[in-house]
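Colleague: Following this message is one structure expressed as structure tokens.
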Amino acid sequence: MANVKLTGIRKAYGAVKVLHGIDLDIQAGEFVVFVGPSGCGKSTLLRVIAGLEDITGGTLEIGGKVVNALTPKQRGIAMVFQSYALYPHMSVYDNMAFGLTLEKGTAKSDIDKRVREAARILQIEPYLDRLPKALSGGQRQRVAIGRAITRDPQVFLFDEPLSNLDAALRVQTRIEIARLHERMEGTTMVYVTHDQVEAMTLADRIVVLNKGHVEQVGSPMELYKEPDNLFVAKFLGSPSMNILPARIELTGESTVVLPEGGRQVTLPVATPGAMNGAAAHLGIRPEDLAVTSSENAPFRGEVTLTESLGEVTLLYVDIGRTDESFVAKLPGEASIARGTVVSLEAKPETMRLFDEAGDAIRPGQRRAAA
């Protein structure tokens, strides 16, 4: 068991700064997932932890020990890459054992025991005598994971390990990685992905990165339900959260929000008195919207497109804004034709409010005097 602590981690390639003072404390036994758009620095951060990239500034500790100057081998980590990186001329058994054979003093009986135990955990025992070319993509990835397991690392690092697999294999292998974490209780895992489903289903905590900065850290549902800012709100979720420019009006202990393209809504948020009349942003998740017959519904517009996905139907509605559609995710198969005018509503407690700068205004915040 080992924790991973990053303090002020910076990485630059000459004048190009990639990571800007990352502070993060990953607890021993935790499964932490890095997510963010392409170029945000998530893979670079993982490679810094692995020792594959030098640290420009800051301190990296693994298991309470500063490892800035240590090689990857000395850090007690094992890494699983996007490409399987298997030796094509070696059997599955030999691929999994290869790293151990390079370690002086490791008995053959111990190597055999560790290889076969890893194969049992990953259910690849029948393939130990095969060459990689005789395996499917999912089986090859399990071999790559097995090679990491045999090293008995303190920390597992995964760099988008499922991106080369088709949809069905991604689901299967994702489940196997989740089970692996349960079986290897106490082993710390750090995982990089651009896939939100992987992040939401695997992580104990998610780290959202943007342009080399940490935007928010928290449990999957915490980030989904209570994003700290507009970036996190828009990044997590598919389709992403609807964001409407709005204006704030304060009335008693409530906040009346006048969204662009909609009627006023009253939210259970105590905004600072100084924000009366200020510009803001109103956020609504597509699944929180429902079609209603009420004439007082806050949103109304013409359906421009419907997408039936079986379990849900997506409605794209023109509510009078020119920049983007308003999206509602309805359960099941909704028979609403293109061109239909619909009214939409959502419970006030499901809506989120952000100030003009994009920072969240939390429910229950105490209102400051104007």
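Colleague: So, in nm, how far is label Glu222 from label Lys108 when the simple model puts each one 7 Å beyond its Cα toward the Cβ?
Modeller: According to this spin-label approximation, the distance is 5.1 nm.
Colleague: Are any of the pairs Lys73/Lys211; Lys5/Lys211; Lys17/Lys73; Lys11/Lys234 more than 23 Å apart by Cα-Cα distance, and if so, which?
Modeller: Lys73/Lys211; Lys17/Lys73; Lys11/Lys234
Colleague: If we count trypsin sites (Lys or Arg not before Pro) as exposed when they sit in a DSSP loop and have at most 10 other beta carbons within 10 Å, what is the longest stretch of the chain that avoids them all?
Modeller: So the longest stretch without any such site is 105-365.
Colleague: Contour minus end-to-end for Ala28 and Ser136, with contour as 0.36 nm per residue of separation and end-to-end as the Cα-Cα distance?
Modeller: Taking 0.36 nm per residue and subtracting the Cα distance, the gain is 35.6 nm.
Colleague: With the crude spin-label approximation of a point 7 Å out along Cα→Cβ, what separation in nm comes out for Ala290 versus Leu309?
Modeller: Placing both labels 7 Å along Cα→Cβ, they lie 2.0 nm apart.
Colleague: Ok, one more. Quick one: net charge around Pro298, please, counting Lys, Arg +1 and Asp, Glu -1 for every other residue with C-beta under 9 Å from its C-beta.
Modeller: +1
Colleague: Report the gain in length on full extension from Asp359 to Arg321: 0.36 nm times residue separation, minus Cα-Cα distance, nm rounded to one decimal.
Modeller: Working it through step by step, the gained length comes to 11.4 nm.
Colleague: With charges only on Cβ, +1 for K and R and -1 for D and E, what is the dipole size of the range 38-196 about its Cα centre, in debye, rounded to 20?
Modeller: 240
Colleague: Given Cα pairs under 8 Å that are at least 6 residues apart, what percent is the relative contact order of the chain?
Modeller: It comes to 15 percent, rounded to a whole number.
Colleague: Helix check for the chain. Which DSSP H runs span at least 15 Å along their own axis by Cα, with a mean Kyte-Doolittle hydropathy no less than -0.5?
Modeller: Long hydrophobic helices here: 137-149, 167-183.
Throughout, read-outs are computed from the coordinates displayed, never taken from laboratory work. Note that the coordinates shown come from a computational prediction; the quantities given were computed from them, not determined experimentally. Using ideal geometry, Cβ is built from the backbone for each residue, glycine included, and neighbour counts are taken over all protein chains shown.
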